[in-house]
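I have placed the structure first, in the form of structure tokens, so that the comments after it can refer back to it.
Read the figures in this text as sums done on the coordinates, not as results from a lab. None of the values given here were measured: they were computed from a predicted structure. All Cβ positions, glycine included, derive from the backbone under ideal geometry; neighbour counts span all protein chains shown.
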Amino acid sequence: MSKFNLSWQESDVQFLEALLLATGGDGGAPLQEVLLMSDALDGVVLSLQEVEDGVLRLLSAGFIAVRKNKLSLSPEFLLAYEEITLREGMEEDDTKPLLKLLQQHSLDEQHLEEVKASILKKYKLKEQYRQYLEQFG
């Protein structure tokens, strides 16, 4: 049995949508801004586990990066997102474009483990989440 959830979750879509809005699609945003945007969008406060799992999956897929303690969207993600949103008007499908985009990428347990051991460990996500709860929770 896999120690990672290898399927995309609705919380991943919510997190990615909040990151898109927090960064304006350009530059980076601290985790607190992304969480505030998620709350403002849907009234959803993502749990620490949802944030950790989502960030891990999104980093592993190459959709986001961590730069100077900020989360940013990769150029590859932005290009793929632009393409899928342009196609959205031509298709009669109720699936959100972000969910479609995520579902097109499979997750690999070994790569998730590598990302967790390197990037995610240095990012100190738990500490940033705790600070968010103290300030805004």
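Structural remarks
- Charge dipole of the chain (Cα centre as origin; +1 on each Lys and Arg Cβ, -1 on each Asp and Glu Cβ, all else neutral): 840 debye, rounded to the nearest 20.
- Value at 222 nm in deg cm²/dmol, rounded to 500, when DSSP H runs of n ≥ 4 in the chain each add -39,500 (n - 2.57): -18000 deg cm²/dmol
- Average Cα contact separation per residue, the chain, under 8 Å, 6 or more apart, as relative contact order %: 31
- Taking trypsin sites (Lys or Arg not before Pro) as exposed when their DSSP state is a loop state and no more than 10 other Cβ atoms lie within 10 Å, the longest site-free interval of the chain runs over 69-137.
- Reach of K121 by Cα under 30 Å, taken over lysines that are not fewer than 8 positions away in the same chain: K3, K68, K70, K100
- Shape category assigned to the stretch 56-137 from the gyration tensor of Cα positions, a/c cut at 1.5: prolate
- Scanning the chain for GluC sites (Glu not before Pro) in DSSP loops with at most 14 neighbouring Cβ atoms within 10 Å leaves 1-90 as the longest stretch between them.
- Membrane-span-like helices of the chain, defined as complete DSSP H segments with a Cα extent of 27 Å or more along the helix axis and a mean Kyte hydropathy of at least 1.0, are absent.
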